[in-house]
Amino acid sequence: MNAAASIDNPAEPRQAEFPIRTVAAVTGVNAVTLRAWERRYGLFKPLRTPKGHRLYSQADIELINRVVRLLDRGVSISQVSSHLQARAVKPDEDQHDRGPWQAYQTRAIDAIVCFDEDKLDILYSEALALYPVDVVTDRLLLPVLVSLGTRWEEAEGSIAEEHFFSTFMRNKLGARFHHRYKPADGSKLLICCMPGEHHEIGAMLFALAAHDHGYRVVYLGPDMPLAELGLTAKRAGCNAIVISGSVNPEHETLQAEIQHLVSTATCPVFVGGQTSVHQHDAIEHAGANPLGTDVRNSIRRIGQTLKQP
């Protein structure tokens, strides 16, 4: 289990910042259930404010999403803790499971740092030849994106590295998107990125995953003005609007624009990505649905809203 730092010790890092209402919204697990999981099963230990309010970290949110995935696989809540602990106490097995992916990630970063498209292409093709697309996405593409962001924040990398990898993946994912072989006949989703959001890889991965789950997709790409989405969704016959974002716009601007979109759209509005976590209250207050960062959980929650299996 993740150990929580004491909120009374300022020397310890304070990474917990999300109240329980935010965590409930972005994971789909209600507050009563979260408190029960903490109290009865000790699955996590959020920090407490001086007034006793719970504060959760991004790691807590990721852990809750892992719990939800285990439950979806048929594991009972009473067995979840033992499943998580078994993985933690078997470092050799865990390393064996992670080993190939750690090596793939290292090779990918090395190729990106040298801006070597041939090496990156060989690596990507090799991974897809050995593993399913969703596994490659979860264990290679998304971790590499996170690593590039960390390198840039710590001044080890450059914006050029992120642009190089984003362009490479945009070409690859675009080819996959336009050559989809699996027919879809479910609800239709209008998917795009938040205004000012130029990193569209997350949105493209979500669009492909949604298609794999039977949704029809209208994909508009990055930096989309919210004011146009209501009419566009209506003309396209969409059942929901899904907006992806990692940017952190002004609270008032975000709330006003989303509120206007919700009032003019004839279908539900969802917001995913880091924007939906950090701007949860503004999004929810505007009448939209914050989804969080977990793709599979987001698709499941959209399905519940639209009554799609």
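Throughout, read-outs are computed from the coordinates displayed, never taken from laboratory work. All values derive from a computational prediction rather than experimental measurement. Cβ placement follows ideal geometry from the backbone for every residue including glycine, while neighbour counts extend to all protein chains displayed.
Per the Debye calculation on the chain with a single equal scatterer at every Cα and no solvent contribution, log₁₀ I(q)/I(0) for q = 0.12 Å⁻¹ amounts to -0.91. R107 sits among other residues whose Cβ lies under 10 Å from its own Cβ, and their net charge, with Lys and Arg +1 and Asp and Glu -1, is -1. Peptide packing for 282-293, 29-40, 165-176 was compared via the average number of neighbouring C-beta atoms within 10 Å per residue; ordered from the highest value, the list is 282-293, 165-176, 29-40. On full extension, the segment bounded by V32 and L306 gains 96.2 nm, given 0.36 nm per residue less the C-alpha separation. Here the gap between C114 and T253, fully extended at 0.36 nm per residue and compared with their Cα-Cα distance, gives a gain of 46.1 nm. Peptides 259-269, 54-64 ordered by packing proxy, namely the average of other Cβ atoms within 10 Å per residue, highest first: 54-64, 259-269. Near A203, once Lys and Arg are set to +1 and Asp and Glu to -1 for all other residues with Cβ below 12 Å from its Cβ, the sum equals -2. Once you sort the root eigenvalues of the Cα gyration tensor of the stretch 178-245 as a ≥ b ≥ c, which label holds: rounded (a/c under 1.5), prolate (a/b larger than b/c) or oblate (the other case)? It comes out oblate by the Cα gyration axes. Net length available on complete extension from Y41 to K234 is 64.9 nm, with 0.36 nm assigned per residue and the Cα-Cα distance removed.
Binning all Cα-Cα separations of the stretch 188-306 at 5 Å, short to long from zero, yields these whole-percent fractions: 2, 13, 26, 29, 21, 8, 1, 0. Each residue, A103 and D134, gets one label point 7 Å from its Cα in the Cβ direction; the gap between the two is 2.6 nm. So if R0 is 41 Å, what FRET efficiency would L142 and K51 give, r being the distance between their Cβ atoms, rounded to the nearest 0.05? Given R0 = 41 Å and the Cβ-Cβ separation, E is 0.70. In the chain, the DSSP-assigned H stretches of four residues or longer account for a calculated mean residue ellipticity at 222 nm of -17500 deg cm²/dmol, using -39500 (n - 2.57) per stretch and the full residue count as denominator. Charge tally around G237: other residues with Cβ under 15 Å, Lys/Arg +1 each, Asp/Glu -1 each, net +3. Charge dipole (Cα centre; +1 on Lys/Arg Cβ, -1 on Asp/Glu Cβ; no other charges) of the stretch 171-309 amounts to roughly 860 debye.
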